[in-house]
1. Considering the range 171-188 alone, what residues qualify as being under 10 Å from the mean Cα position of the chain (by Cα) and part of a loop (DSSP other than H, G, I, E, B)?
2. Criterion first (of a type in the set (Val, Ile, Thr), buried (at least 21 other Cβ atoms within 10 Å of the Cβ), under 24 Å from LYS305 (Cα atoms) and in contact with a Phe, Trp or Tyr (Cβ under 6 Å, 6 or more places away or on another chain)) does VAL113 satisfy it?
3. How many of the residues in the range 1-38 are open to solvent by 20 Å² or more (accessible area, probe 1.4 Å) and closer than 26 Å to LYS269 by Cα?
4. Do any residues in the range 255-277 that are open to solvent by less than 70 Å² (accessible area, probe 1.4 Å) have Cβ atoms under 8 Å from those of residues that are hydroxyl-bearing (Ser, Thr, Tyr) and modelled with pLDDT under 95, where the two are at least six apart or on different chains, and which pairs are they?
5. Would you be able to tell me the number of residues in the range 23-60 that are in a loop (DSSP other than H, G, I, E, B) and not small (Gly, Ala, Ser)?
6. What number goes with the only condition from (1) in contact (Cβ under 8 Å) with a residue 60 or more places away in the chain; (2) under 24 Å from ILE143 (Cβ atoms); (3) out of contact with any strand residue (DSSP E or B) (no Cβ under 6 Å at 6 or more places or on another chain); (4) of a type in the set (Lys, Arg) that LYS52 does not pass?
7. Could you tell me whether any residue of the range 12-22 is touching a residue at least 60 places away in the same chain (Cβ under 8 Å), in a loop (DSSP other than H, G, I, E, B), in contact with a helix residue (DSSP H, G or I) (Cβ under 9 Å, 6 or more places away or on another chain) and more than 16 Å from ligand 1 (Cβ to nearest atom)?
8. Looking at the range 122-144 only, could you name the residues that are over 23 Å from ASP38 (Cβ atoms) and of a type in the set (Val, Ile, Thr)?
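The values are calculated or read from the model by the stated rules, or taken from the named source; none is laboratory data. Note that the structure is a prediction, hence the values are computed from the model and not measured. Cβ placement follows ideal geometry from the backbone for every residue including glycine, while neighbour counts extend to all protein chains displayed. Surface accessibility is based on the protein's heavy atoms, side chains included, excluding ligands, DNA and RNA. Shrake-Rupley method; radii C 1.70, N 1.55, O 1.52, S 1.80 Å.
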Amino acid sequence: MNNNLANIKKSVSFLNKDDCVAIPTETVYGLAANAYSDKAVKKIYILKKRPKNNPSIVHYYSLNQLKKDCILNKNFFILYKKFCPGPITFILKTRNDSNISKFVTNKKKILAVRFPKNKITQSLLKVLNYPLAAPSANISTKISPVSASDVREEFGNKIKFILDGGRSKIGLESTIISLVGKPKILRLGGIERKKINKVLNKNVKYHKAKKKITVPGQSKLHYSPGIPIKLNTKKPKPGEAFILIKKREKSYKNYYYLSKTKNLKEAAKNLYKILRLIKNKNYKNIVVEKIPNIGFGEAINDRLKRASAK
Ligand code: TXA
Ligand code: MG
């Protein structure tokens, strides 16, 4: 714990100087900066090579902090009570007197917010006088990081500090739900759709990216290992890496298992780890076995589809 305390202190001093720090969360690591500072938020976009029109999620420790920035509503309170802290992001209206930097939302009046569950990051957020804007800590369009070493692989020495909180427990980004008007899911993720439906007692639609992109993160190529991926494949050709959902009796060294027993939660946790592992070997192609499109399978298939976009 002492080690953690020292590292939290270090993070605070960098963040107070408007520098970026990578932070652990239960979903993926984030590249964090003071959400109230233009100078700090700008640095995130430069480091990630992220288009300015792609807004970032802001991370909070307490409801009282959030109340300063957003207008809360009934659906928010229902979901907050059930799922927070946890892997869910809410889209809410920004208050007129909020101090959120205009660069977080590209000057728009709606804000994505969440309460991460990782203990170290919670301790950090608790002692700061501002919330943290933090997109995933990867170069734009690349694979999201689920450990401190993944972040190092993405940025090398370009970022000042990585707060190490171990491997991300969920391993897949938060579910994003818009609560401006009728609730809509904008990104599938760490909380299954059926759980949200149950709590809100309605069938919340998943707002898939159409031709017109409403959420930049819905843009096609994303989560990419940089080599072609083909889905729904029964058997690999020589030289191809094969991702499977369930352990086979006969295994080969190019076989990579998301789960031993077809457990989709376990598969979600292993997805980015395995994609990164394969990326760092010399495969020309990745092929993936068909993955059931239920529960966490929906989010896994969504990520794989985007990772395979051309
Ligand atoms: O699990 C997560 O959500 C992780 C951890 C670090 O918290 N963060 C994350 O951030 O996945 P990022 O930037 O990689 O993905 C955020 C997504 C993007 O697709 C962005 O377009 C969308 O959220 N988003 C952010 N603000 C928004 C807003 N105001 N309206 C609509 N979409 C928004
Ligand atoms: Mg991301």
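1. Residues satisfying the conditions are GLY171, LEU172, GLU173, SER174.
2. Answer is no for this residue.
3. Count: 3.
4. Hits for this filter: TYR272/TYR223; LEU275/TYR223.
5. 15
6. Going through the list (1) in contact (Cβ under 8 Å) with a residue 60 or more places away in the chain; (2) under 24 Å from ILE143 (Cβ atoms); (3) out of contact with any strand residue (DSSP E or B) (no Cβ under 6 Å at 6 or more places or on another chain); (4) of a type in the set (Lys, Arg), LYS52 breaks only (1).
7. Checking the range 12-22: at least one residue is touching a residue at least 60 places away in the same chain (Cβ under 8 Å), in a loop (DSSP other than H, G, I, E, B), in contact with a helix residue (DSSP H, G or I) (Cβ under 9 Å, 6 or more places away or on another chain) and more than 16 Å from ligand 1 (Cβ to nearest atom).
8. THR141, ILE143
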